[in-house]
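No lab work stands behind these numbers, since they all come straight from the coordinates. Treat the numbers as computed from the prediction; the structure is a model and nothing was measured. Virtual Cβ from ideal backbone geometry, glycine too; neighbours counted across all protein chains shown.
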Amino acid sequence: MIQLFDKGIFLLDGQTIAEEGTVQLDKETAWKETISYGILKQHNTSPAMDFLKLKFDAMASHDLTFVGIIQTAKASGMTRFPMPYVLTNCHNSLCAVGGTINEDDHLFGLSAAKKYGGIFVPPHIAVIHQYMREMHAGCGQMILGSDSHTRYGALGTMAIGEGGGELVKQLLNTTYDIPYPKVVAVYLDGKPQPGVGPQDIALAIIGAVFPNGYVKNKVMEFVGPGIATMDTDFRNGIDVMTTETTCLSSIWQTDADTKAFLALHGRADAYRELKPGRAAYYDGCVYVDLSTVKPMIALPFHPSNTYAIDELNANLSDILHTVEAEAQKVSGGRAPFTLTDKIENGRLRVQQGVIAGCAGGNYTNVVEAAHALKGKSCGCDAFSLSVYPSSQPVFLDLMRKGVLADLMETGVVVKTTFCGPCFGAGDTPAHNGLSIRHTTRNFPNREGSKPGSGQMAAVALMDARSIAATAANGGILTSAQELDCWGRIPAYSFDKTVYDRRVYQGYRAPEADAQLVYGPNIKDWPEMSPLTDNILLKVCSKILDAVTTTDELIPSGETSSYRSNPLGLAEFTLSRRDPAYVGRSKAVDALEKARTAGKDMTALEPELASVLETIRSIPGQEGVQLQDTEIGSMVYAMKPGDGSAREQAASCQRVIGGLANITREYATKRYRSNCINWGMLPFQMAAEPEFEPGDYIYVPGIRRALDGDLSHIAAYWIHGSEAVPLTLYITELSPEETEILKAGSLINYNRRSV
């Protein structure tokens, strides 16, 4: 059972839930008794707690993001890394056939670690989050990462995944600025049933809280007696999935098992007890009876599309029909995808299984999968199962204990430490295939298929235990509770020899004279214009989907080779959702470049003459000149930005002409922050959008508006010869964010500040 409380709650002595209004306690005192308050207060550099200016203890990036971050920080005047900054190479690990692109990025990262004093984890050594769990997370700390699954709450670390711009600010010794977030208690009670794993509990929580935004941009604070029934490795598997709720961060109360985990990894001094005070106030509560959670599955195309596996098997045809209908919307009719044809004798046949990454590749999950498959076979048909341990130390201990040998004897393919299956760069299933994965996401085309090319597959998320049970059953979807082999897990032995011998440890030892190593695909950011007083936006895409993910804004997978080439990567923007967008936006960018060069834009786009005439018909705008009006492309989307922290979801729009988004709402704080850091105005609009691609929207006096009433920003839809009034708004901006938007980007702002 999972219950969401309608009101705030007081947690008494860490055990008893009392709804607001049922006890006479001072809320203003009690809200300071949460674990979250203590950590945020410790890291806040502002004298007030209503608006936080945070500095972090450490940071982490992987090889899809660190090149752009370092390039941005270097352009802004950075001379060294002021804190431990870990550069892992777990995403772009596979080097391109016939080219040098990916390995060039790795050499750049190593050279940056030497020059600026960083920590460099070479390819295939560890996935980013497992390395940070093992070597850096500690109780009461805060870590910022340029990956959305930056979550180390089960180790007492409040970790946040953000776009690269926010990491750049830390590298420049400035702060992460947010209003004090609401804090929601996640009260764990009972004990997980045998065969129920961390992914099952995570999916049950995601399914309960995501649809109504219950924890959006809030901190999830895990408390309650149920925590003690799970070891820390298990807790880590739940914690990393909190990203899929759209929360800001997570934190857990700590105990003897947390202490033992840190001591095992040679960091006993990183432990301290964290628990709520005697009466702590929370803005909401998610009550979870762990004993009621069954093996779960998240069907395509979102981690919140959850069912108990038993429920799915009992209603197979009806439920799968709904997924097929959604697949038709996702593909836009460009690629067929079917599931009901995979029903055999009332059960669902799947084509592939994967256990990998920061969620699935943990020691406990792999051991449990091996126990389920011991003495069995994955079969010689289409079904296959791949296992990717989360780090070389985990790989090493699994090997020494014979676990990997047991898996390989069943036909499982054991692969290197790699994040690829999580974002479409590894184990892409066959066309019309269904893959079951203990990874982090199952967004549309996340597994690497290309509907625009007539290819489509899909992913369902499951726990490693049920994936192994399915493999033991020849690929027929099977709940882990159909087997009786759970819980006999030998103690883990951590050996960091591979880290000692392969990880470059340069923190506090920068080599200022060292040279950065650039490959031909590593490019600097192009110039971006500062914001003018008036702006003209051309609508270049209109997306009415309920949610638009960052994977749709900039696809993952094969595009990863271009992450260090801003213009090269931008060619893929919205390519799987609106293939015409790039051409439209680049045409607008050509107009803006003509404007900044002092050329006549109407020579490139004759319709601008009539657009200008309509603008001049607006009272007070009679003297407007195109030469003084920045022109940029604009995307309308209902709720964009669910998913990855990758800043490229915004920067790719910006470098090919993007100047604004208009939305009903932003799915995540991190995507909105990315837009701001790249000079993209984060407009919102309550009214239904009547404009279409090709139309223009004129916003007069935008610089003044940013300093004034953000709740009512006048704009005009240029509809033929008519200027139709629109009302836009922007939610709260910090003073720094306002200046970044005026400067045209964080890079411009930093250059001006130096």
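Tabulated data
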quantity: Over the chain - Rg/Rh using Cα atoms and the Kirkwood inverse-distance radius; calculated: 0.96
quantity: Residue (of Tyr282, Ala587, Val366) at the positive-pole extreme of the chain, dipole from beta-carbon charges; calculated: Val366
quantity: Global size of region 534-753 as Cα Rg and Dmax, reported in angstrom; calculated: 16.4, 50
quantity: Normalised convex hull volume, region 463-576, alpha-carbon set, Å³ per residue; calculated: 323 Å³
quantity: Mean Cβ neighbour count within 10 Å, used as a protection proxy, ranking 403-409, 49-55 highest first; calculated: 403-409, 49-55
quantity: Amide H partners (placed H, <5 Å) of Gly190, local residues excluded; calculated: Gly226, Leu290
quantity: Rg [Å, one decimal], Dmax [Å, integer] - region 297-491, C-alpha atoms; calculated: 16.0, 51
quantity: Of Lys218/Lys639; Lys7/Lys542; Lys115/Lys450; Lys7/Lys32; Lys216/Lys538; Lys294/Lys639, pairs whose Cα-Cα distance is over 29 Å; calculated: Lys7/Lys542; Lys115/Lys450; Lys216/Lys538; Lys294/Lys639
quantity: Pairwise FRET efficiency - Leu264 versus Lys191, Cβ, R0 = 30 Å, nearest 0.05; calculated: 0.85
quantity: Fewest-first sequence of Asp63, Asp600 by Cβ atoms within 10 Å of each Cβ; calculated: Asp600, Asp63
quantity: Antiparallel %, DSSP beta bridges [both residues in region 63-189], to 5; calculated: 10 percent
quantity: Rounded if a/c under 1.5, otherwise prolate or oblate - region 164-238, Cα gyration tensor axes; calculated: prolate
quantity: Long-range amide H partners of Leu385 with built H, under 5 Å; calculated: Gly353, Val413
quantity: For region 178-193 and region 615-653, distance of Cα centres in Å; calculated: 38 Å
quantity: GluC sites (Glu not before Pro) restricted to DSSP loop in region 558-614 with at most 16 other C-beta within 10 Å; calculated: Glu571
quantity: Cα coordinate range in region 435-510, projected on the principal axes (Å, largest first); calculated: 51, 44, 16
quantity: Leu477, Leu733 arranged by Cβ crowding within 10 Å, fewest neighbours leading; calculated: Leu733, Leu477
quantity: Scattering curve values for region 585-663, log₁₀ I(q)/I(0), Debye with Cα scatterers, q = 0.11, 0.12, 0.22 Å⁻¹; calculated: -0.37, -0.44, -1.04
quantity: Gyration tensor (alpha-carbon) shape descriptor, region 138-277, a/c threshold 1.5; calculated: oblate
quantity: Overall form of region 240-372 per C-alpha gyration tensor (a/c, 1.5; a/b vs b/c); calculated: prolate
quantity: ³J(HN,Hα), Karplus 6.51/-1.76/1.60, whole Hz, each residue of region 178-192, x for Gly, Pro; calculated: 8, x, 4, x, 5, 10, 10, 6, 10, 8, 9, 10, x, 9, x
quantity: Region 245-278-region 357-392 distance, computed between alpha-carbon centres (Å); calculated: 28 Å
quantity: Length released on extending from Lys599 to Asp628, taking residue separation times 0.36 nm less the Cα-Cα span; calculated: 9.3 nm
quantity: 3J(HN,Hα) from dihedral phi, region 79-92, Karplus parametrisation 6.51/-1.76/1.60, rounded to Hz, x for glycine, proline; calculated: 10, 7, 7, x, 8, x, 10, 9, 10, 9, 10, 10, 10, 8
quantity: 3J(HN,Hα) from dihedral phi, region 703-710, Karplus parametrisation 6.51/-1.76/1.60, rounded to Hz, x for glycine, proline; calculated: 5, 5, 4, 5, 8, x, 7, 6
quantity: Fewest-first ranking of Leu290, Leu746, using other Cβ atoms within 10 Å as the exposure measure; calculated: Leu290, Leu746
quantity: Packing-based ranking, highest mean first, of 202-213, 453-464 given that Cβ atoms within 10 Å are counted; calculated: 453-464, 202-213
quantity: Whole-number percent relative contact order across the chain, with pairs defined as alpha carbons under 8 Å at least 6 apart; calculated: 15 percent
quantity: Between region 317-355 and region 54-82, the Cα center-to-center distance that results, in Å; calculated: 42 Å
quantity: Placed amide H near Ile535: partners under 5 Å, 5+ positions off or other chain; calculated: Val699, Gly701, Ile702
quantity: Principal semi-axes in Å for region 58-176 [√(5λ), Cα gyration tensor, largest first]; calculated: 22, 18, 11
quantity: Unit charges on C-beta of K, R, D, E only; dipole of the chain, Debye; calculated: 1480 debye
